[in-house]
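Rule-based calculations on the coordinates, nothing more; no lab input. Not measured: the values here are computed from a predicted model. When we count neighbours, we look across all protein chains shown, and the Cβ atoms used for this are built from the backbone with ideal geometry, even at glycine.
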């Protein structure tokens, strides 16, 4: 009975999270809400989990819950990994842009009358570097 009360409190926390998340992401809010309701059903009527597990071909209800939990955990881990990778790529592009901008500003401050333009891709960066070498060779 104590475990049921603790799990119920945790699942009500998930319901609160689903309600607050619904404004930002309706899909996540709805899925969290449904998962919490299913969890409450399984906590208070464990035979429902057992019947669903038998229907799915799994021996016990608790096994089904664990399998689903592992799958959801892997999906969340993959999602976090992909988001982190996108953020790292964005930071890299930002740092590259700032570094090039600072280098161009330094060229302007050195008194060069016609500094090269900011490159938009790797090919433009090579052209910028070769023009910079030519300018240095002339000086």
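Fully extending the segment from residue 60 to residue 28 would add 8.7 nm, taking 0.36 nm per residue of separation and subtracting the current Cα-Cα distance. The slack between residue 109 and residue 3, meaning 0.36 nm per residue of separation minus the straight C-alpha distance, is 31.2 nm. Working from label points 7 Å from Cα in the Cα-to-Cβ sense, the residue 70 to residue 45 distance is 2.8 nm. Modelled spin-label separation between residue 14 and residue 35, with each label point placed 7 Å from Cα along the Cα-to-Cβ direction: 0.7 nm. Counting other Cβ atoms within 10 Å as a rough exposure proxy, the listed residues 90, 64, 31 run 90, 31, 64 from fewest neighbours to most.
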